[in-house]
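The values are calculated or read from the model by the stated rules, or taken from the named source; none is laboratory data. This one's a predicted model, so the numbers in the text were calculated from it and none came from an experiment. Don't worry about glycine lacking a Cβ; one is built from the backbone with ideal geometry, like all the others, and counts go over all protein chains shown. The area values use the complete protein model at the heavy-atom level, side chains included, leaving out ligands, DNA and RNA. Shrake-Rupley method; radii C 1.70, N 1.55, O 1.52, S 1.80 Å.
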Amino acid sequence: MMTILDEDYRLNDGLTIPKLGFGTWLIDDDKAAAAVKTAIGSGYRYIDTAQAYENERGVGEGIRDSGARREDLFVCTKIQAEYKDYQTAKDSIDTSLEALGLDYVDLLLIHAPEPWAHFHEGDHCFAGNLEVWRAMEEAQKAGKVRSIGVSNFENVDLDNILEHGEVKPVVNQLLTHVGNTRFDLLDYAKEHGILVEAYSPIAHGKMGEDETLNAMARRYGVSVPQLMIRYCLELGTVPLPKASSKAHIDANAQVDFAISEEDMATLLAMPHFDGYGDAKQFQVFSGK
Ligand SMILES: NC(=O)c1ccc[n+]([C@@H]2O[C@H](COP(=O)([O-])OP(=O)(O)OC[C@H]3O[C@@H](n4cnc5c(N)ncnc54)[C@H](OP(=O)(O)O)[C@@H]3O)[C@@H](O)[C@H]2O)c1
């Protein structure tokens, strides 16, 4: 039986991307192989990692141990937000491929437009991002990378690449979940044929107690995480839930239901969520 795990979107460079991915942030390198192997065994084809997660080695091991054919998988990594010059970015791509033990990645992103210490503070690093982009375009030509895109980019950051780069980004990976969705960024991406990927689609696990979500999830006979992942799919984005246990990994892919228009309207109108607690130490949840 076909499920969401078998479905793809088409990217603006003509290649395809699975509609649902597996996130690996905060999975330690020595646990990443097992988690990735479990996810692939459960039918996930898309694995999301990053240089900054320091688990590319373990992710690569999990990919090899899974027994899946490389061409059936979709692997994404991201260039460190701190790398803003051509040579460092170029070298880091080779380091990532070596750590992953792969000849190519399917998708390579600029992790953020600014170094994390200055995330969304106003210096957009326009020149630096163009240098990194040039290194990525060259890696694409060399066959080290299939598709290239960005993450955490505001619209002005995208404009910089659209105006001065040769290749158009295929995706912008953004914090996107019920209660925190940047519709201005989603609309702009759509206008330019850029797909949005939804990171932290279940709010980093922090919305489990929400009464509206619990009541709605009960009506559909699903869990709050499943409802939240489905919301991202209804928006036409690629949700990238992270989970540790096989039970959560499996559950997060059981999202083959439709949210009614009325319920989507309720979800779209949910008040802004800011309850990330301890996780606010991470810039992506800091509200900048
Ligand atoms: N580009 C960026 O800057 C950026 C930033 C953040 C995240 N990301 C990507 O997006 C991925 C996901 O984001 P995230 O890790 O922040 O958070 P998330 O996927 O929204 O939430 C993960 C949390 O939810 C829990 N969980 C998962 N499935 C569950 C289920 N079925 N029932 C109950 N709890 C469940 C997990 O617990 P267990 O682990 O115990 O299962 C974990 O605590 C990351 O791993 C990463 O790949 C990218």
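Go through Ile40, Ile47 for me and flag whichever is part of a helix (DSSP H, G or I), open to solvent by less than 50 Å² (accessible area, probe 1.4 Å) and farther than 27 Å from Ala117 by Cβ.
On the way: Ile47 fails: part of a helix (DSSP H, G or I).
Exactly one residue qualifies, and that residue is Ile40.
Starting from residues that are closer than 12 Å to Thr176 by Cα and open to solvent by less than 70 Å² (accessible area, probe 1.4 Å), keep the ones in the range 235-276 and report whichever is farthest from the ligand (Cβ to nearest atom). So the residue we want is Gly236. Filter the range 186-234 for residues that are hydroxyl-bearing (Ser, Thr, Tyr) and in a loop (DSSP other than H, G, I, E, B); which is farthest from the ligand (Cβ to nearest atom)? Checked the range 186-234; the qualifying residue farthest from the ligand (Cβ to nearest atom) is Ser223.
Out of curiosity, is Gly221 surrounded by fewer than 18 Cβ atoms within 10 Å (Cβ to Cβ) and within 21 Å of the chain's Cα centre (by Cα)? So Gly221 fails the test.
Do you know which of the residues in the range 161-185 that are within 12 Å of the ligand (Cβ to nearest atom) and under 23 Å from Ala139 (Cα atoms) is surrounded by the fewest Cβ atoms within 10 Å (Cβ to Cβ)? Top of the filtered list is Val171. Among the residues making up the range 33-48, those that are under 23 Å from Ile4 (Cα atoms) and free of Cβ contacts under 8 Å to residues at least 40 places away in the same chain are Ala34, Val36, Lys37, Ile40, Gly41, Ile47. Scanning the range 1-35 for residues that are surrounded by 14 or more Cβ atoms within 10 Å (Cβ to Cβ), part of a loop (DSSP other than H, G, I, E, B) and within 12 Å of the ligand (Cβ to nearest atom) turns up Leu20, Thr24, Trp25, Ile27. Close contacts from the range 180-204, counting a first residue that is in contact (Cβ under 8 Å) with a residue 12 or more places away in the chain and a second that is surrounded by fewer than 18 Cβ atoms within 10 Å (Cβ to Cβ) and in a helix (DSSP H, G or I), with Cβ to Cβ under 8 Å and a gap of 6+ residues or different chains, come to Thr181/Leu268; Asp184/Asn155; Leu185/Asn155; Tyr188/Asn155; His192/Leu162; Val196/Lys190; His204/Ala279.
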